[in-house]
1. When you scan the stretch 344-363, do you find a residue that is under 25 Å from ARG273 (Cβ atoms), assigned to a loop (DSSP other than H, G, I, E, B) and more than 26 Å from the chain's Cα centre (by Cα), even just one?
2. Can you spot a residue in the stretch 43-57 that is buried (at least 16 other Cβ atoms within 10 Å of the Cβ) and outside any loop (DSSP other than H, G, I, E, B)?
3. Looking at (1) touching a strand residue (DSSP E or B) at 6+ places or on another chain (Cβ under 6 Å); (2) of a type in the set (A, V, I, L, M); (3) over 17 Å from GLY53 (Cβ atoms), find the lone condition where LEU251 falls short.
4. Hey, any hits in the stretch 135-147 for a residue that's among the acidic types (Asp, Glu), out of contact with any helix residue (DSSP H, G or I) (no Cβ under 6 Å at 6 or more places or on another chain) and without any contact (Cβ under 8 Å) to a residue 60 or more places away in the chain?
5. Can you find a residue that is surrounded by fewer than 21 Cβ atoms within 10 Å (Cβ to Cβ) and assigned to a loop (DSSP other than H, G, I, E, B) anywhere in the stretch 391-411?
6. Among ARG19, ARG66, which is the only one that is of a type in the set (Lys, Arg), outside any loop (DSSP other than H, G, I, E, B) and surrounded by fewer than 20 Cβ atoms within 10 Å (Cβ to Cβ)?
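Read-outs throughout are calculated quantities, based only on the coordinates presented, and are distinct from any laboratory measurement. The shown structure was predicted, so the numbers you read here are calculated from the model rather than taken from an experiment. Here the Cβ is made from the backbone with ideal geometry for all residues, glycine too, and neighbour counts use every protein chain on show.
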Amino acid sequence: MPTVSATSLAPLALHGGPRAKTTPYKSAPRFDANELRELQEALAQGTLFYASGQKTKDFCARFAARYGVRHAIPCSSGTAALHIALGACEIKPGDEVITAPITDMGTLSAILLCGALPVFADLDPHTYTLDPAAVAEKISPRTAAILPVHLTGAPCAMDALRELAARHDLWLVEDCAQAYLTEYKRQLCGTLGDLGCFSLNDFKHIGAGDGGVVLTNDDALAARARLFSDKAYDRSGGAHNPAFIAPNYRLTELQAAVGLAQLAKLDGIVAARRRYGERLHRGLESIAGLRPQRFVEGGRGSFWFYMLRVDEAVLGPAGAFVEALKAEGVNASAGYIDRPVYLYDLFVNRRGFGGSGFPFDLAPHLRYEAGLCPRAEAILRDAVRVTVRESFDDEDLEQTLWGFRKVAAHFAAQRA
């Protein structure tokens, strides 16, 4: 492989030179005979209903055991998991839930479906997770919960967030959709708040097409979460007599069957992603003009993907940098989402259910506009997202790093 000192002479693929990534990224089948066996056993039961079959029960028991908690409640998606968690906390219309401005719409849907309002706190510019000081500034008499998002599989500063939640008597609900086996001070994210929420979407560390899980050690929260996931029906026996409004977010036995097989692979998947991601991080740290993601003290990521920032004073616009990386064959893209979520049309225009202003008209004091979270906006302007897969090997890593070195040297020389 060419040395770093030679990179300034290496023509970019964008300009007709040879690509840094000369071989395709390695891939491997995600599903195998283990999933098929579990599915066959589910079908042989003669029922695919979660309350009647065994697969969902087994999946929840093993999920809870892996995380060392008492309760794992199954559901139909990660969004559903968050809605269930907030429902279990009895979040009501007009309440405010503090969360991150860089996240998936599912985080926000869960809040809005309660008739509550998202309040966005700014991010740490290095970890891309909630800044506890910014969260503290957003707490008001209307605040009911804090909803930290462990973005990219990187942990939030949970000690500080737990202290804030305890001091102000707030619920703490973790969004762990991207954070399987993510660690904070040797504890697993998803066990550090009142409830932890996971996704079995097809694109997560483990997937069952779709699905979700809610974790908690609180017996009362678990009981309410189970009811909230299934129309407030008590499936333990007796007549149905719902005591509150609840949706239908049930998992099927087929999803649970696939989830069982996937769960057995989880430790290996995360270990492989960590090996690749941590070496990628170390390699990028040595390249001038790049600002690799940092982790909070005591934090260890699980690398759903990897994100870094480009110092545009050294390397120029991040968008051009990404286009050069793509031409080299490096699996990279600009940012994560194209704007902070508070600039989505539904927030800017305050259009809620059925085209009405609800629930936004419950909080006329809240404004969703550019400049609300300046650090988050800056992150999205100069961030680069890099794909991580458990199937990637040493060759993938070396060629990816060579692509970064090559492009960085060329862009730095242009601005010298």
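1. No, every residue in the stretch 344-363 fails to be under 25 Å from ARG273 (Cβ atoms), assigned to a loop (DSSP other than H, G, I, E, B) and more than 26 Å from the chain's Cα centre (by Cα).
2. Yes, the stretch 43-57 has at least one match.
3. Exception for LEU251: condition (3).
4. Looking through the stretch 135-147, at least one residue is among the acidic types (Asp, Glu), out of contact with any helix residue (DSSP H, G or I) (no Cβ under 6 Å at 6 or more places or on another chain) and without any contact (Cβ under 8 Å) to a residue 60 or more places away in the chain.
5. Yes.
6. ARG66
Okay, residues lined up against (1) surrounded by fewer than 18 Cβ atoms within 10 Å (Cβ to Cβ); (2) touching a strand residue (DSSP E or B) at 6+ places or on another chain (Cβ under 6 Å):
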position	(1), (2)
GLY299	no, yes
ALA324	no, no
VAL348	yes, no
SER356	yes, no
CYS373	no, yes
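Okay, residues lined up against (1) in a loop (DSSP other than H, G, I, E, B); (2) within 16 Å of the chain's Cα centre (by Cα); (3) of a type in the set (Ser, Thr, Tyr):
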site: ALA81; (1), (2), (3): no, yes, no
site: GLU90; (1), (2), (3): yes, no, no
site: PRO101; (1), (2), (3): yes, yes, no
site: GLY106; (1), (2), (3): no, yes, no
site: PRO118; (1), (2), (3): no, no, no
site: THR127; (1), (2), (3): yes, yes, yes
site: ALA133; (1), (2), (3): no, no, no
site: ILE146; (1), (2), (3): no, yes, no
